[in-house]
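Peer 1: Let me begin by handing over the structure; questions about it come next.
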Amino acid sequence: MNRSMLTVAGAVMMVACGGQSASSPPVTSPTAAQVQSAPTPATSSKTIDANTVATITGGKPEQAEGSVKVSFPRTDVAVDVDGWANVPAFMGLTSWTAFTPGEKPGVEAMVMGDLVVFEDEVNPVMSALLDHGVEVTALHNHFFYDKPHVFFMHVGGEGTVENLAKGVRAAFDAEKAVRAKSAQPQATFAAGPLPTPSHIDAAKLDAAFGAKGQAKDGMYKGTFGRKATAACGCTVGKAMGVNTWAAFAGSDESAVVDGDFAVAEGELQPVLKALRAGGINIVAIHHHMTGEQPRILFLHYWGRGPAAQLAKTVKGALDLTAWDGKSGST
């Protein structure tokens, strides 16, 4: 190999290894002036007005990390957990909401929170939040062996501080209205006894759902699948539990419906609103899987009334989701 070939080969190796060839310009470090003039990440200049939050919600504001938080200990109802009588609110029985500046154009604030609610408060509080533009993102228990049963409703949303705070206040007002009627949480929805034995007209519900359901002992169940990709890369659907279902018992005139909705994240709020508008109670919101695409949330529900009316409400909510029936198969 002659001298010129060696020179070219050496230059190529220098470049490939991240170095510079003899003909490359020298690498220089940035000057102090250049470093000072470099653009810095933008920071939000928005602030949350603590007085507005306090005045509207009725809570005492705490400020930290640019956020404003208000807390409301549940001391109006004594709660026993696992044999421990009258558990202090400090031990996880405190409702709270926190407001932080929004980052999207035109969005003043974002709210997050966790509300302590008893069974008879869940649906009035949820409706109040949804009616005021605050989202409900989860509903579940935090305890076992609690008396009375306590549930926790996680909330979120974006908008103005005033409107979000009004939504929070509406939720607490709804909670207080329930307790004003009965100091102790109720143990039933008080809809009266269910007719027995069940004799639901399956053909009418097949027609209402536009799909063939299952009939057993006078009861009826419709199951409506959808597809998702699990974390393993497998396609999972109706047979693997990724489905919405509705089960009916009682009579056509006086029925109960209970079941589970499988919803994508963007479908959750519309489905909650549709079910609550039809008088159906939400009893849980959570996930059944991790790592799936799209992310699927599950909400469980319970309703009482004429079977046809209940089916109409469920079907209306079902059609807000991307279930397989929209493509002609169930």
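Peer 1: Which of the residue pairs Lys104/Lys312; Lys166/Lys238; Lys238/Lys273 have a Cα-Cα distance greater than 32 Å in the structure shown?
Peer 2: Check vs 32 Å cut-off fails for Lys104/Lys312; Lys166/Lys238.
Peer 1: Using modelled backbone amide H atoms (1.01 Å from N, in-plane), which distant-in-sequence or interchain residues come within less than 5 Å of Ala284's amide H?
Peer 2: His300
Peer 1: Here is a further query. Residues of the range 164-232: accessible area per residue at 1.4 Å, in Å²?
Peer 2: On a per-residue basis, the range 164-232 sits at 58 Å².
Peer 1: Once the Cβ-Cβ distance between Ala85 and Leu194 is put in as r, and R0 is 30 Å, what FRET efficiency do you end up with, to the nearest 0.05?
Peer 2: Efficiency, from the Cβ-Cβ distance: 0.30.
Peer 1: Right, something else. Please get the size of the charge dipole for the range 88-201, origin at its Cα centre, with Cβ charges of +1 on Lys and Arg and -1 on Asp and Glu, quoted in debye to the nearest 20.
Peer 2: The calculated dipole for the range 88-201 is roughly 320 debye.
Peer 1: By average Cβ neighbour count within 10 Å, what is the ranking of 69-79, 125-135 from highest down?
Peer 2: Final packing ranking: 125-135, 69-79.
Peer 1: Could I ask something else about it? P(r) of the range 135-245 in 5 Å steps, Cα pairs, percent per bin?
Peer 2: Histogramming the range 135-245 at 5 Å steps yields 2, 8, 9, 11, 12, 13, 16, 17, 10, 3, 0 percent.
Peer 1: Right, here's the next one. Over what distance in Å are the Cα centres of the range 285-307 and the range 95-173 separated?
Peer 2: Using only Cα atoms to place each centre, the spacing works out to 19 Å.
Peer 1: Do any GluC sites (Glu not before Pro) in the range 251-310 lie in a loop, going by DSSP, with at most 13 other beta-carbon atoms within 10 Å of their beta carbon, and if so which?
Peer 2: Sparse-neighbourhood loop GluC sites (Glu not before Pro): Glu253.
The values are calculated or read from the model by the stated rules, or taken from the named source; none is laboratory data. Just so it is clear, the structure is predicted and the values come from calculations on it, not from any experiment. All Cβ positions, glycine included, derive from the backbone under ideal geometry; neighbour counts span all protein chains shown. Surface accessibility is based on the protein's heavy atoms, side chains included, excluding ligands, DNA and RNA. Shrake-Rupley method; radii C 1.70, N 1.55, O 1.52, S 1.80 Å.
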